[in-house]
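The values are calculated or read from the model by the stated rules, or taken from the named source; none is laboratory data. On a predicted model such as this, the values are computed, not experimentally measured, just so you know. For neighbour counting, all protein chains shown are included, and Cβ atoms are generated from backbone atoms with ideal geometry for every residue, glycine included.
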Amino acid sequence: MAQLNVNIGSLALKNPVMTASGTFGYGEEFADFIDISQIGGIIVKGTTLHHREGNPYPRMAETPMGMLNAVGLQNKGAEYFVNEIYPRIKDIDTNMIVNVSGSAIEDYVRTAEIINELDHIPAIELNISCPNVKQGGMAFGVTCTGAAEVVKAVRSVYKKTLIVKLSPNVTDITEIARAAEANGADSVSLINTLLGMAIDAERRRPILSTVTGGMSGAAVKPIALRMVWQVYKSVKIPIIGLGGISNWKDAVEFMLAGATAIQIGTANFIDPTITLKVRDGINDYLDRHGYNSAHDIIGALEV
């Protein structure tokens, strides 16, 4: 077998396969299907400082080769996570990572401070695609200034591995990646969902209660792959690639484009065992091509 272990800064992963936030619950939900400790990292659902009910229904819609979601970060808040969820997941033998979201910089900072105190959470993933309520609702991650401010503020209080999840809804994602890197990110993950919408033609109404939502699934893969390749050429920190990964071949393509690790999202809804199938497929690919380590294919695309 090839060596599958990779590193995201000081964070050691037993293999490059991770799960995307919001598609894998808190990990426990998939324990009946696979040995979840065999996944390189599990990024739990988005956590905010305070309880959030999320958006009104309907908030999900199927699309060709994908789905739209407008769940709205429904969760019971950081303190609930600490008191109720953390005790149940802290001893799972893999990297349990918390996706942190907020609507103001102060919310991000306080949530990061709370998670920083949890010994068995080695990293957070900062979701900067959230709307900044103090700036008229524009997402933090769509401007260099907005991204820089929130990353710098969180970096000042968070002492472990800081992953910043980038929005694709921008003109030049490399600028945002460089801003995150310059302000203390240990890694960037990309891409978050693309803004889309669905219409019920018979009713002449939008399907989602919020009209627009985040598109994910196989259809977004070419865009995500392009953005990972562009960011790989622009930053020195490790990249975690995601967006439409449905099998081992997709995962290998992201690694060739420059991703050190990958996340699987929407495909978990289709096949709850997909993570370990992708892990085994990466290993088989490395063996067939005579590679000794997963590191050998990171950024190995020949252009």
Taking the stretch 61-79, which residues are touching a residue at least 60 places away in the same chain (Cβ under 8 Å) and either touching a strand residue (DSSP E or B) at 6+ places or on another chain (Cβ under 8 Å) or within 13 Å of THR210 (Cβ to Cβ) (or both)? ALA61, THR63, GLY66, MET67, LEU68, ASN69, ALA70, GLY72
Of all residues in the stretch 102-133 being of a type in the set (S, T, N, Q) and modelled with pLDDT of 95 or more, the one that is farthest from GLU149 (Cα to Cα): ASN116
Go through (1) of a type in the set (Ser, Thr, Tyr); (2) closer than 28 Å to VAL211 by Cα; (3) surrounded by fewer than 19 Cβ atoms within 10 Å (Cβ to Cβ) one by one and return the number of the condition SER156 breaks. (2)
Screening TYR232, TYR291 for residues that are touching a helix residue (DSSP H, G or I) at 6+ places or on another chain (Cβ under 9 Å), of a type in the set (Phe, Trp, Tyr) and surrounded by fewer than 21 Cβ atoms within 10 Å (Cβ to Cβ) leaves only TYR291
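Yes or no, residue by residue, for (1) under 16 Å from the mean Cα position of the chain (by Cα); (2) in a strand (DSSP E or B); (3) surrounded by fewer than 17 Cβ atoms within 10 Å (Cβ to Cβ):
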| site | (1), (2), (3) |
| --- | --- |
| MET1 | no, no, yes |
| TYR26 | yes, no, no |
| SER37 | no, no, yes |
| ASN55 | no, no, no |
| PRO58 | no, no, yes |
| ALA61 | no, yes, no |
Among the residues in the stretch 13-22, are any over 22 Å from PRO222 (Cα atoms) and out of contact with any helix residue (DSSP H, G or I) (no Cβ under 6 Å at 6 or more places or on another chain)? yes
Those residues of the stretch 210-240 which are within 16 Å of GLU181 (Cα to Cα), within 15 Å of the chain's Cα centre (by Cα) and outside any helix (DSSP H, G or I) amount to PRO238, ILE239, ILE240
Just a yes or no: is a residue in the stretch 41-51 surrounded by 18 or more Cβ atoms within 10 Å (Cβ to Cβ) and touching a Lys or Arg at 6+ places or on another chain (Cβ under 8 Å)? yes
When the residues of the stretch 78-106 are narrowed to those that are part of a loop (DSSP other than H, G, I, E, B) and within 19 Å of the chain's Cα centre (by Cα), which ends up surrounded by the most Cβ atoms within 10 Å (Cβ to Cβ)? GLY102
Residues that are touching a strand residue (DSSP E or B) at 6+ places or on another chain (Cβ under 7 Å), part of a helix (DSSP H, G or I) and over 30 Å from GLU29 (Cβ atoms), drawn from the stretch 260-303: HIS295
Of the conditions (1) within 22 Å of LYS159 (Cα to Cα); (2) assigned to a loop (DSSP other than H, G, I, E, B); (3) modelled with pLDDT under 95, the single one that LYS45 does not satisfy is (2)
Out of the stretch 219-242, which residues are small (Gly, Ala, Ser) and either at pLDDT below 95 or out of contact with any strand residue (DSSP E or B) (no Cβ under 6 Å at 6 or more places or on another chain) (or both)? ALA224, SER234
Exactly one of (1) within 25 Å of GLY265 (Cα to Cα); (2) in contact with an Asp or Glu (Cβ under 6 Å, 6 or more places away or on another chain) is unmet by CYS144. Its number? (1)
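Given ILE245, ILE282, which one is over 28 Å from ARG178 (Cβ atoms), at pLDDT 95 or above and buried (at least 20 other Cβ atoms within 10 Å of the Cβ)?
Being over 28 Å from ARG178 (Cβ atoms), at pLDDT 95 or above and buried (at least 20 other Cβ atoms within 10 Å of the Cβ) holds for just one of ILE245, ILE282, which is ILE282.
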